[in-house]
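The values are calculated or read from the model by the stated rules, or taken from the named source; none is laboratory data. These numbers come from a predicted model, not from an experiment. Backbone-built Cβ (ideal geometry, glycine too); neighbour counts: all protein chains shown.
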């Protein structure tokens with residue numbers, strides 16, 4: 001977090017600062033990682049299966065096999081992130097041991113602990129975590145997350161949940177910036193948020209760590225939408241390698257993200273997809289247990 | 001402060017990376033801060049900062065948007081400061097892996113010279129705290145390049161003429177302005 005060591009941004013959050021304005025792509029193989037890097041991804045996220053396949057296959061979704069992560073690390077020069085299960089600090093230790101650049105304690109995988117998240121302050125490698133609202137974001141930052149992202153509803157190709165989470169966090173932050181200390185303490189209680197972190201949010205008018213967007217991004221316009229809502233980078237999961245033409249698709253999303261506030265360029269990118277986006281799922285068609293955003297506490 | 005600086009506008013190439021962190025440093029020196037992405041933006045600034053970020057991504061975006069030749073022309077006539085990824089774009093030779101660059105400075109740069117994020121660290125440069133984040137290492141310094149500072153035996157801040165490069169990030173320090181931003185403005189003024 002931007003907890004200051006001296007007056008310098010924490011080294012773990014520093015890397016997130018460098019990833020701003022970019023696209024982080026989910027990959028399951030070294031070949032996909034190469035495609036992502038060639039398309040201009042700022043980082044890749046190594047995982048066993050993309051969220052839409054996790055939904056289809058069911059069963060327990062875990063950290064990727066170490067061989068795959070190491071192959072991905074060997075294939076690209078950009079940062080490599082990898083997911084571990086919520087609360088599974090031993091998986092996180094393995095990821096740190098392998099030297100991944102970022103760990104995503106992710107609701108996309110099957111949670112290992114239904115009460116506690118990882119104490120991320122114990123790690124040298126930074127963590128990114130998902131949040132639906134400010135309370136959740138502050139709890140994760142309190143545990144030591146160096147970067148936040150919306151949860152969205154991964155693997156659906158449906159942006160509605162990511163939008164909901166981004167709006168919710170923005171609206172909570174607006175409320176906080178107008179509160180005095182007494183109001184803030186009650187709000188902290190209501191949100192279940194650490195008071196000190198909320199104080200930082202009030203002072204900064206934003207989260208004390210960068211805020212990225214994730215969950216359901218399927219088109220260049222989806223990326224532009226979230227960036228205009230205040231996301232500083234987007235994660236794209238199933239959207240790329242479940243599209244007709246991953247190379248073109250990945251390039252187009254990178255292009256749209258770099259110029260998210262220029263509709264002319266986003267339009268140009270949208271015409272360069274080389275096929276159609278992933279089919280997508282209506283959220284109300286999902287069974288409650290299949291809603292990944294509800295995982296995390 | 002420094003009134004004579006108020007006419008200077010520094011453009012930070014904003015295709016990707018740590019752009020906004022430069023704003024308070026530049027404004028504390030009384031200069032204008034502008035994010036630049038298009039040829040029209042480039043004409044409106046006096047000097048460039050190539051910020052930290054992912055050099056491969058920035059290179060792809062420069063190519064995708066056909067900005068290479070415009071930037072070559074701009075860099076020929078204006079001062080440039082490359083930070084981390086930016087220093088990679090300025091180097092004559094890039095390794096680990098090899099990649100294209102603007103070759104503004106006769107230096108060799110090895111990408112991710114220290115290793116992965118685990119090896120990222122803070123450093124003290126003349127009493128000012130900075131960060132090296134998946135930083136490159138300058139492995140060779142060519143003729144006419146002045147090494148302004150070294151860290152662990154390697155040059156980390158170099159300059160030749162109107163071009164300056166640092167492999168570390170002073171912009172992550174919240175004491176404004178950083179001595180490096182001040183040095184760059186002095187260079188722009190000279």
**OP:** Name the one entry in A:150, A:156 that is under 16 Å from the mean Cα position of the chain (by Cα), modelled with pLDDT under 95 and more than 14 Å from chain B (Cβ to nearest Cβ).
**Re:** A:156
**OP:** Output yes when any residue across region A:1-12 is surrounded by 20 or more Cβ atoms within 10 Å (Cβ to Cβ), within 23 Å of residue A:292 (Cα to Cα) and in contact (Cβ under 8 Å) with a residue 40 or more places away in the chain, and no when none is.
**Re:** no
Subject >> strands (runs of 3 or more DSSP E) lying entirely in region B:65-110 (those with 2 or more residues that are closer than 18 Å to residue B:188 by Cα and touching a strand residue (DSSP E or B) at 6+ places or on another chain (Cβ under 7 Å)) >> reply: B:80-83
Subject >> Test for residue B:88: is it under 26 Å from residue B:33 (Cα atoms) and either surrounded by fewer than 20 Cβ atoms within 10 Å (Cβ to Cβ) or within 11 Å of chain A (Cβ to nearest Cβ) (or both) >> reply: yes
**OP:** Tell me, yes or no, whether region B:98-107 has at least one residue that is crowded, with 24+ Cβ neighbours inside 10 Å and either modelled with pLDDT of 95 or more or more than 16 Å from residue A:79 (Cα to Cα) (or both).
**Re:** yes
Subject >> Test for residue A:51: is it out of contact with any strand residue (DSSP E or B) (no Cβ under 7 Å at 6 or more places or on another chain), more than 14 Å from chain B (Cβ to nearest Cβ) and either crowded, with 24+ Cβ neighbours inside 10 Å or free of Cβ contacts under 8 Å to residues at least 12 places away in the same chain (or both) >> reply: yes
Subject >> Positions within region A:174-199 being surrounded by 13 or more Cβ atoms within 10 Å (Cβ to Cβ), out of contact with any helix residue (DSSP H, G or I) (no Cβ under 6 Å at 6 or more places or on another chain) and under 25 Å from residue B:18 (Cα atoms), in sequence order >> reply: A:199
Original post:
Has region A:180-199 got any residue that is under 23 Å from residue A:31 (Cα atoms), assigned to a helix (DSSP H, G or I), touching a residue at least 40 places away in the same chain (Cβ under 8 Å) and within 23 Å of the chain's Cα centre (by Cα)?
Top reply: no
**OP:** Quick one: count up the residues across region A:14-59 that are assigned to a loop (DSSP other than H, G, I, E, B) and more than 16 Å from residue B:53 (Cβ to Cβ).
**Re:** 8
**OP:** Inspect region B:47-64 for any residue being within 14 Å of chain A (Cβ to nearest Cβ) and surrounded by fewer than 17 Cβ atoms within 10 Å (Cβ to Cβ) and give the result as yes or no.
**Re:** yes
Original post:
Counting just the residues of region A:97-113 that are surrounded by 22 or more Cβ atoms within 10 Å (Cβ to Cβ) and within 12 Å of chain B (Cβ to nearest Cβ), which one comes out farthest from residue B:117 (Cα to Cα)?
Top reply: A:103
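The rows are residues; the columns are (1) buried (at least 22 other Cβ atoms within 10 Å of the Cβ); (2) away from chain B (no Cβ under 14 Å); (3) outside any loop (DSSP other than H, G, I, E, B).
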residue	(1), (2), (3)
A:201	yes, yes, yes
A:216	yes, yes, no
A:243	yes, yes, no
A:251	yes, no, yes
A:254	yes, no, yes
A:261	no, no, no
A:267	no, yes, yes
Original post:
Under the condition of being in a loop (DSSP other than H, G, I, E, B) and farther than 26 Å from residue B:93 by Cα, which residue from region B:22-37 is nearest to the other protein chains (Cβ to nearest Cβ)?
Top reply: B:29
Original post:
Within the set of pairs 6+ apart or on separate chains, which have a first residue in region B:29-55 that is at positive phi, a second that is surrounded by 16 or more Cβ atoms within 10 Å (Cβ to Cβ), and C-beta atoms under 6 Å apart?
Top reply: B:30/B:5; B:53/A:18; B:53/B:16; B:53/B:17; B:53/B:85
**OP:** Considering every residue within region A:85-96, establish whether at least one is surrounded by 24 or more Cβ atoms within 10 Å (Cβ to Cβ) and within 14 Å of chain B (Cβ to nearest Cβ).
**Re:** yes
